[in-house]
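> Here you go, one structure.
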Amino acid sequence: MYKLVSKIIVFVLLISCSVSKEKKIDEYVFKRKKEKTQYINSYNKSLQLWKVPYKEEYVATSFGKAHIIISGPKDAKPLLLLHGMDASSTMWFPNSAALSKNHRVYAVDFLLEAGKSEFKGNSLSTDEIVNWYTQIFNYYKFKNFDIIGASRGGWIATLLTIQKNSKIDKLVLISPAQTFNNVDQKGKASSALFLKFFPNKKKLKKTLSAFSYYPDKINPVYKKQFYLANKYSKSNASILQMQPFSDEELKMITIPVLVLIGDHDVINSEKSLLRANEFLSNDKTEIIKNAGHFLSMDQSKDVNEIIVDFLK
């Protein structure tokens, strides 16, 4: 699977280099202004699905601008939200109200993916990704905060947690990708790769059916944004850095950790929870019924209640 991903990414990156220079814009994720505009318009429509008041901020970093959606009481404890691959921060619309009730929520668009953050470099190493988030934490002067990561965001959240000077109090992992084990059902999960590299509506439907237990119930506004993210944004090689954390790295995590997966998840299985239980010293794991990899959408009410209770 790793070799297949590598070959496909190299192929797509070579194709992207052949686009005529006159049509390019100087950004990492989007190469054409028209396509970026179409995506951002779709992003803004999805953001209207948030059920609580919010504001958008840009934070200047040495790697580019970080776009952050902020909601919740100003004096509440910070809660960082890290989205899944190509999902952007708008994916939290079913969870925003519940999570913002007792926390000051900061939903960050990942710099190397479709969203409103802007990166003008070539790529980022793992250390540079940590550095980028650290600059955001320093800007807001976070002392202690909680963090929730979904899918790829779960892997990044775990990476941030094992850093020597981490200020994270509690960690929530929603079907984290490549965190405890490799992808469980590689055949079904590969539909996302084909959607990314050869996007069309048929592949979108197949991907959503593989990753969601209720694909037809996904809001069509958000569904369109997710499709445009796969259609227009550049494929980045950072997913090749995502390998399951070692036993020693997981043992470094002593803070409370909540791990949630769906009973129809193509990325994780009970094996992931068993490994979490074996090497995390203070964890709680749970399988959400009638939920796929997109469990925060499939069963948002149950997921919200479990997370809110854990973060008390």
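> For the chain, what proportion of DSSP beta bridges, expressed in % and rounded to the nearest 5, is antiparallel?
35
> Pick from 139, 214, 43: which is most flexible by mean-square fluctuation in a GNM of the chain where alpha carbon atoms under 10 Å apart are linked?
The residue that fluctuates most here is 139.
> Determine the relative contact order of segment 53-118: mean sequence separation of Cα pairs under 8 Å and six or more apart, normalised by residue count, in whole percent.
On the way: 132 pairs, mean separation 26.2, N = 66.
With pairs under 8 Å counted, the relative contact order is 40 percent.
> Moving on to the next point. Highest mean first, what order results for 146-156, 47-57, 201-211, 263-273 on Cβ atoms within 10 Å?
146-156, 263-273, 201-211, 47-57
> To continue, here is another question. Return the long-range amide H neighbours of residue 262 (sequence gap of 5 or more, or a different chain), with a cut-off of under 5 Å between placed amide H atoms.
The list, which skips near neighbours in sequence, is 288.
> Helix-only estimate, please: 222 nm mean residue ellipticity of the chain, summing -39500 (n - 2.57) across DSSP H runs of length 4 or more and dividing by its residues, to the nearest 500.
Working: 12 runs with 126 residues, N = 312.
For the chain, the value works out to -12000 deg cm²/dmol.
> Pairs 203/231; 271/301; 51/234: which exceed 21 Å Cα-Cα?
Where the Cα-Cα span goes over 21 Å, the pairs concerned are 271/301; 51/234.
> For the chain, what is the accessible area per residue in Å², given a 1.4 Å probe and the full set of protein chains? List each step's numbers first, then the result.
Values: 14290 Å² over 312 residues.
Spelled out: the 1.4 Å probe surface of the chain, per residue, equals 46 Å².
> A follow-up question, please. When ranked by the protection proxy of mean other Cβ atoms within 10 Å per residue, highest first, what sequence do the peptides 298-311, 87-100 form?
Averaged packing, sorted descending, gives the order 87-100, 298-311.
> Then there's this: How high is the relative contact order of the chain, in percent, with contacts defined as C-alpha pairs under 8 Å that are six or more residues apart? List each step's numbers first, then the result.
Working: 605 pairs, mean separation 59.6, N = 312.
In percent, rounded to a whole number, it is 19.
> Using a cut-off of 21 Å between alpha-carbon atoms, which lysines can reach residue 143, once sequence neighbours fewer than 8 places away in the same chain are excluded?
74, 77, 101, 164, 167, 170, 312
The values are calculated or read from the model by the stated rules, or taken from the named source; none is laboratory data. These numbers come from a predicted model, not from an experiment. We place every Cβ from the backbone using ideal geometry, glycine too, and count neighbours over all the protein chains shown. For accessibility, only protein heavy atoms count, side chains too; no ligands or nucleic acids. Shrake-Rupley method; radii C 1.70, N 1.55, O 1.52, S 1.80 Å.
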